[in-house]
Amino acid sequence: MRIWHSAIANRMGQRTGSSRCPGYMSGASLAMTLALTLAACGEEGGGRVAPGSTEPSPASTYPADELFEGTGLVLDGKKKTILCLGGATDSAPPQCGGPRLQGWSWEGLEYDESAGTKWGTFTVTGTYVDGVFTLKADPEVPEPYVERGDAITAPCSEPSDGWNIPDPARTEEGDLQAAIRAAEEEKDFAGAWIDYIVEPQIEQEGQVQGKNIILVLSFTGDPERHEDEARVHWGGPLCIWVHDRTEADLGRIQAELGSGWPEEMGIETTWSDRDITVGTVSIGVIVGTPAFEAEVVERYGMDTVRVVPALRPIQD
C-alpha cells in the first residue's frame, strides 16, 4: 500500500470509481494517513471526482450507423434500463448514471437482483444516438478484472549502497507528517507519496513502517534545497523528484475540466482523476473525439491530460 493526499495516495487500488467516488479508491488506510481523507470524493484537494453529469447531453449525437463498444454496468430498474459508464456505488442495487439502454434482455445472462432491480457488468456493442445506446449484438461477459499489481513506487533508483537512513530516531509517524506538511507549504510542491524498501505483509499494512518507508517528495525544481529542508524533519529513506507541474496546477486543470467547457463541445464527462506520481490528470468521457483531444492538448500541453473514453468506435 502507498498513500497520498494532495499528495499521499492509497496504493492499494486506485482503479474504478466509487462511492467509491466515481472512481473507486479502495484499500486500507495507514495509521499515519496524515489527514489524507482530504483526498475523499469531491473534496477540494482530493483525487478522483465526478466533474459533470453522466446523463447524456443533447449535443452528444453520433451517426446512426456508427457502432461503439464499451464495458459498463447494466442497471435495469422498474422504469428504465441504463448503461452506467462512470462510477457506481457499492449498494444493492447500485446507484449510477448513464445513457438509456435499448434492446436489452437478460435471457441467458447471469445477474444480481435486489428490490426489483437487476444489474450486471457486460461488454456491449451498439449505436449511440441522442443519449440512447441501442444494442446491436449480443452482450458479452468481460474478462474478470485482475489487479495489475503495484504501480505506485518511488521513482528514484535505489542507491548502490542501499537506502540511506541518516537518523533512525526521526522515522516515526510524526516525523513523516512534519516533512510532508513542510513540503506542502512550498509553492513548487508537486506531490508526496510513500514506498517501502521491503513490501509489508497484508497484516502489517495498518502499522507504521518507519525505517522501511521511502518518502517521496516531488517539486518542480531546486531538488537539493528541498532535500535539505526535508532532512530537518525526516531521517529515513528519501526520494526527491522533479515534475513539470505543481499539485496545485493539476488541481486547477482538474477543476477546469469539470467547469463545463467539455460539455460545450458535446463531450459527456463521467469522472476525473489526478495522479501526482506522474503529474497527469485523467478525464473520463462517454465518447472522445479528435477535436476534444486536440483542444485538451492546446489548453494544457502534450501528455498532461489523459482522455479515457468509455465507448470506442468500432473500426471497419
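The values are calculated or read from the model by the stated rules, or taken from the named source; none is laboratory data. Note that the coordinates shown come from a computational prediction; the quantities given were computed from them, not determined experimentally. Every residue, glycine among them, receives a Cβ derived from its backbone with ideal geometry; neighbour counts consider all protein chains shown.
Out of the residues in segment 254-297 that are touching a Phe, Trp or Tyr at 6+ places or on another chain (Cβ under 7 Å) and among the aliphatic types (A, V, I, L, M), state the one that is farthest from GLY72 (Cα to Cα).
ILE276
Only one of (1) assigned to a loop (DSSP other than H, G, I, E, B); (2) in contact (Cβ under 8 Å) with a residue 60 or more places away in the chain; (3) within 28 Å of the chain's Cα centre (by Cα) fails for ASP65. Which number is that?
Looking at each condition in turn, ASP65 falls short on (3).
Would you please name the residue that is farthest from ILE240 (Cα to Cα), looking only at residues in segment 153-180 that are in contact with a strand residue (DSSP E or B) (Cβ under 7 Å, 6 or more places away or on another chain) and not in a loop (DSSP other than H, G, I, E, B)?
LEU176
Could you please give the count of residues in segment 83-109 that are under 23 Å from the mean Cα position of the chain (by Cα) and either outside any loop (DSSP other than H, G, I, E, B) or not hydrophobic (A, V, I, L, M, F, W, C) (or both)?
Counting residues in segment 83-109 that are under 23 Å from the mean Cα position of the chain (by Cα) and either outside any loop (DSSP other than H, G, I, E, B) or not hydrophobic (A, V, I, L, M, F, W, C) (or both) gives 12.
Can you tell me which of PRO166, PRO200, PRO159, PRO223 is at pLDDT 95 or above and surrounded by fewer than 18 Cβ atoms within 10 Å (Cβ to Cβ)? Please lay out each step first, then the result.
Working: PRO166 fails: at pLDDT 95 or above; PRO200 fails: at pLDDT 95 or above; PRO159 fails: at pLDDT 95 or above.
Going through PRO166, PRO200, PRO159, PRO223 in turn, just one is at pLDDT 95 or above and surrounded by fewer than 18 Cβ atoms within 10 Å (Cβ to Cβ): PRO223.
So, in segment 120-152, of the ones that are modelled with pLDDT of 90 or more and hydroxyl-bearing (Ser, Thr, Tyr), which residue ends up farthest from LEU217 (Cα to Cα)?
THR134
If the Cβ limit is 6 Å and pairs must be 6+ apart or interchain, which residue in segment 271-294 that is under 22 Å from ILE214 (Cβ atoms) pairs with which residue that is polar (S, T, N, Q)?
ARG274/GLN254
Yes/no matrix, rows are residues, columns are (1) closer than 30 Å to GLY174 by Cα; (2) among the charged types (D, E, K, R); (3) in the same structural domain as ALA183 (by TED's automatic domain parsing):
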site: GLU264; (1), (2), (3): no, yes, yes
site: ASP273; (1), (2), (3): yes, yes, yes
site: ILE276; (1), (2), (3): yes, no, yes
site: GLY279; (1), (2), (3): yes, no, yes
site: ALA291; (1), (2), (3): no, no, yes
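I want to confirm something. Restricting to segment 181-190 and keeping residues that are touching a helix residue (DSSP H, G or I) at 6+ places or on another chain (Cβ under 9 Å) and assigned to a helix (DSSP H, G or I), which single residue is surrounded by the most Cβ atoms within 10 Å (Cβ to Cβ)?
ALA183
Kindly indicate the residue of segment 267-312 that is among the aromatic types (Phe, Trp, Tyr) and not in a strand (DSSP E or B) and also farthest from the chain's Cα centre (by Cα) among those meeting that condition.
PHE292
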